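Working notes for the structure below.
The values are calculated or read from the model by the stated rules, or taken from the named source; none is laboratory data. The shown structure was predicted, so the numbers you read here are calculated from the model rather than taken from an experiment. Here Cβ is always computed from backbone atoms with ideal geometry, including for glycine, and neighbour counts include all displayed protein chains.
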Amino acid sequence: MTTSPPIGSRLVVGSYVDMAGVARAKAMPTSRLDTFVTAGAGVSPSWLVFCVDDHLAFTPSMSVVGDLRLRITTDGVRDIGNGMLWAPADLTHQDGAPSPGCPRHALRRAVSRLGTSGVTARVGHELEFTLFRAPAAAGNADDGRWAAYGLESILRQEKFVADVLVAAERAGLPVDQVHAEYGPNQFELSLGPADPVTAADRTILARTLVCAAARANGMIASFSPQPTVDGAGNGAHLHLSLWRDGSPLFSGGPGPHGLTDAGAGAIAGLISDLPDFPLVLTGSAVSHLRMRPDNWAGVHCCWGLENREAAVRLCADTAGNPAGAHIEVKPVDPAANPYLASAAVLGALSAGITRGLPPPPEVAVNPVDLTPQDRATAGVTLLSTDPPVMLDRFAGSQLAKDVFPALLREAVHRVRSHEWERYRDLPAEQSTSLLRFAWTN
Ligand code: GLU
Ligand code: MG
């Protein structure tokens, strides 16, 4: 949009997603929109080490001294209703240069890195969430009746769903699909493909609109990876296609299911490097409760055509895939910072394209059904959910060093370590309940 905001808008909110995946914001009256763009809103460097519970995990390099700015751009501004505008913000120094701790900038760098191989990515995110009746203590927003993917399940929330779609249209958010998910009161919104930064921005916008519509209907939306001990987990699967000179890399080639050499290399890169990144993709203190076999959360590090238990599901180019052949990276959950998650995925794909190695054998069955022998032959491992392993893999990863500046890696490490120290060892009833609405916008 231009610098003239819609008539009647009062406030513009610029948001930043921290290392714990929590969206934080500063706001200015709409009359100061230009100032939000040129000077930004001041924030302490401690914003880099905000934890899920607002604890500040200070380090010598990230303390109370110094000043960073949240800067928005006019073309990022969207009308989110009720006189409110929203825009994704970059974390910059006072002079406007990006902070090395800015997740959005890290993703931009990962996009450029992929671009050095002449490759561009289109990304579309899925957002799963669970509705609870407000106040939260009243429990799930249901009366005990729920059918997975049920027609009644979605129709009984028709007002909420309609509110989300009206808000999405006003905000210019392209929604591909919405449905009642498997778990009670669980829904999913699928967003259309876009360049990776826009796609990540849209996850924050979409989550904001979903949460607002829930509030307007007497509910609270939980974007926790595991809102309750017994319920279904919420994923934030990332769909991604790759292109070079206008041609797709996951179809039209000589490899299995039409993979091109570069497409096969990209998948090989993902399978080889995903084990370095559970900290970034599924690193919250409740993420491990979702990351279990048979949860369709992609805990098995392998790939396969339409395999919903594989970390990398290949969706081939058929009439059933209007956006063309793509992969779905399933482990990503909604407590991940979407910019960091996409940067890690793009980093692994880029490295794989550069190496040009073939992927490991495809897994064409539910990986839990493989014999230990088959598992070893196909190189299928489980992505780690063990905190020391996740930290060590990330800290020792050359790819993580290539993709993320040292300050950002230090921040992620500190923030997730705090979260685990505080919540990982609690009984799951307690940790899921304490963190249920931590990722609600
Ligand atoms: N809810 C599952 C998850 O936690 C995903 C189900 C699906 O494949 O849509 O990732
Ligand atoms: Mg789903």
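Observations on the structure shown:
- Filtering 354, 318 for residues that are surrounded by fewer than 22 Cβ atoms within 10 Å (Cβ to Cβ) and not in a loop (DSSP other than H, G, I, E, B) leaves a single hit, 354.
This table checks each residue for (1) within 16 Å of ligand 1 (Cβ to nearest atom); (2) assigned to a loop (DSSP other than H, G, I, E, B); (3) modelled with pLDDT under 95.
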| residue | (1), (2), (3) |
| --- | --- |
| 212 | no, no, no |
| 224 | yes, yes, no |
| 228 | yes, yes, no |
| 232 | yes, yes, no |
| 239 | yes, no, no |
| 243 | no, no, no |
| 250 | no, yes, no |
| 253 | no, yes, no |
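- Restricting the range 173-182 to residues that are part of a strand (DSSP E or B) and aliphatic (A, V, I, L, M), the residue that is surrounded by the most Cβ atoms within 10 Å (Cβ to Cβ): 180
- Residues being surrounded by fewer than 21 Cβ atoms within 10 Å (Cβ to Cβ) and either within 16 Å of ligand 1 (Cβ to nearest atom) or within 21 Å of the chain's Cα centre (by Cα) (or both) - total across the range 154-172: 4
- Any hit, the range 54-61, residues being at pLDDT below 95, surrounded by 14 or more Cβ atoms within 10 Å (Cβ to Cβ) and either under 30 Å from residue 241 (Cβ atoms) or touching a strand residue (DSSP E or B) at 6+ places or on another chain (Cβ under 9 Å) (or both): yes
- Qualifying positions in the range 333-354 - within 13 Å of residue 123 (Cα to Cα) and within 12 Å of the chain's Cα centre (by Cα): 338, 339, 341, 342, 343, 345
- When each of 223, 250 is tested for being touching a residue at least 40 places away in the same chain (Cβ under 8 Å), under 21 Å from residue 175 (Cα atoms) and touching a Ser or Thr at 6+ places or on another chain (Cβ under 7 Å), the lone residue that passes is 223.
Conditions tested, residue by residue: (1) more than 16 Å from ligand 1 (Cβ to nearest atom); (2) not small (Gly, Ala, Ser); (3) not in a strand (DSSP E or B).
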position	(1), (2), (3)
96	yes, no, yes
107	yes, yes, yes
112	yes, no, yes
121	yes, no, no
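- Test for residue 258: is it surrounded by fewer than 22 Cβ atoms within 10 Å (Cβ to Cβ) and either within 16 Å of ligand 1 (Cβ to nearest atom) or modelled with pLDDT under 95 (or both): no
- Screening residue 366 against (1) at pLDDT below 95; (2) surrounded by fewer than 18 Cβ atoms within 10 Å (Cβ to Cβ) leaves a single unmet condition, (1).
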